[in-house]
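S.K.: Before we start, here is the structure in question, set down as structure tokens.
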Amino acid sequence: MVNTHEQQQLERARLSLITQGPPVIGGARRGEDIEGVGPQTFAPESGRWRGMIRREHIPAVVVGLALVLLIGWLLLGRSQATELPVAQPSVEMPSPTATSPPAMVRVHVLGGVAQPGVVSVPEGSIVEDAIAAAGGMTSAADPAELNLAAPLSDGQQIIVGTTDNPRGEVLSPGGHTGESKLNLNSATVEELQTLPGVGPVLAQAIVDWRVEHGSFTDVSQLEEVTGVGPKLMAKLADLVVL
């Protein structure tokens, strides 16, 4: 049987264990200092030791961190150097150029057109374009002998035939081409002006002679028209017919 004194000692030992906690094996006792580190405390809430890094370890830690930063910086620079910039294709924008107006040619259109006279058409136009610029053909026009697709040049003369005189010509500058002859008895004032040396006044005089004397019966009768002398008659003799 355990006596009362022994029971009291057991109770004191049990209370001492409860208040001090379990002993740490291999560790420093509570309140003792670890050499070179300082006092260590035990955190009951986490169950881990909290302590400070030794002073002699600080330079090594700083050097380690510096090496890590240096290696990271070198790796980052190498990765950026390997990424070559993508060359963008250069696109040359066409420089604006001033557009000059097209060159024009002037031609004389007469015969079976609505508005006979001199018209201006762009360079490269054809006979059909000049006729359109002169108001188009009249109801009495007959262009069967006229090449409507012939190209134009400055100073040409275009004669559109009619039902009374179905002829068509494109005359180069300088007068009648001589390829076809003009009918003195059916030619209009405009058509007569295509003859060399014949202007508006003389052309009207020839028409007036026809009205007064009737149709020409001989080409030599042109000399009876006021304004037609021997020299002009020599030029016209081979260019007109009856």
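S.K.: Being over 18 Å from Lys235 (Cβ atoms) and of a type in the set (Gly, Ala, Ser) is the filter here, so list the residues in the range 186-205 that pass it.
M.R.: Ser186
S.K.: Continuing with this model, one more query. Give the residues of the range 77-101 that are of a type in the set (Asp, Glu) and either within 29 Å of Gly135 (Cα to Cα) or modelled with pLDDT under 60 (or both), sorted by residue number.
M.R.: Here is the first cut: in the range 77-101, the ones of a type in the set (Asp, Glu) are 83, 92.
Of everything in the range 77-101, just one residue is of a type in the set (Asp, Glu) and either within 29 Å of Gly135 (Cα to Cα) or modelled with pLDDT under 60 (or both), namely Glu83.
S.K.: Which members of the range 135-165 meet the condition of being modelled with pLDDT of 85 or more, over 43 Å from the mean Cα position of the chain (by Cα) and over 11 Å from Gly111 (Cβ atoms)?
M.R.: Residue satisfying the conditions is Ser139 alone.
S.K.: If you scan the range 193-226, which residues turn out to be under 20 Å from Val160 (Cβ atoms) and hydroxyl-bearing (Ser, Thr, Tyr)?
M.R.: Thr194
S.K.: Restricting to the range 186-225, name every residue that is at positive phi and either under 60 Å from the mean Cα position of the chain (by Cα) or among the hydrophobic types (A, V, I, L, M, F, W, C) (or both). Step through it out loud before you land on a result.
M.R.: At the first step, the residues of the range 186-225 found to be at positive phi are 197, 214.
Gly197 - this is the single residue of the range 186-225 that is at positive phi and either under 60 Å from the mean Cα position of the chain (by Cα) or among the hydrophobic types (A, V, I, L, M, F, W, C) (or both).
S.K.: Please determine, by comparing only the residues of the range 176-193 that are part of a loop (DSSP other than H, G, I, E, B), touching a Leu at 6+ places or on another chain (Cβ under 9 Å) and at pLDDT 80 or above, which one is surrounded by the fewest Cβ atoms within 10 Å (Cβ to Cβ).
M.R.: Result: Asn185.
S.K.: What is the residue count in the range 117-173 for residues that are outside any loop (DSSP other than H, G, I, E, B), over 22 Å from Val241 (Cα atoms) and not hydrophobic (A, V, I, L, M, F, W, C)? Spell out the reasoning first.
M.R.: Looking only at the range 117-173, we keep the residues that are outside any loop (DSSP other than H, G, I, E, B), and these are 117-122, 126-133, 137, 141, 151, 157-160, 162, 169-171.
Filter once more, so that each one left must be over 22 Å from Val241 (Cα atoms): 117-122, 126-133, 137, 151.
Now restrict to residues that are not hydrophobic (A, V, I, L, M, F, W, C): 117, 120, 122, 128-129, 151.
Result for the range 117-173: 6.
S.K.: Related question: If we scan the range 102-111, do we find a residue that is assigned to a helix (DSSP H, G or I), modelled with pLDDT of 90 or more and either exposed (fewer than 14 other Cβ atoms within 10 Å of the Cβ) or of a type in the set (Gly, Ala, Ser) (or both)? So that I can check it myself, show each step before the final result.
M.R.: First pass over the range 102-111, keeping only residues assigned to a helix (DSSP H, G or I): none.
No, there is no match, as no residue in the range 102-111 is assigned to a helix (DSSP H, G or I), modelled with pLDDT of 90 or more and either exposed (fewer than 14 other Cβ atoms within 10 Å of the Cβ) or of a type in the set (Gly, Ala, Ser) (or both).
The values are calculated or read from the model by the stated rules, or taken from the named source; none is laboratory data. Just so it is clear, the model here is predicted, and its values are computed rather than measured. Note: ideal-geometry Cβ built from the backbone for every residue, glycine included; neighbour counts use all protein chains shown.
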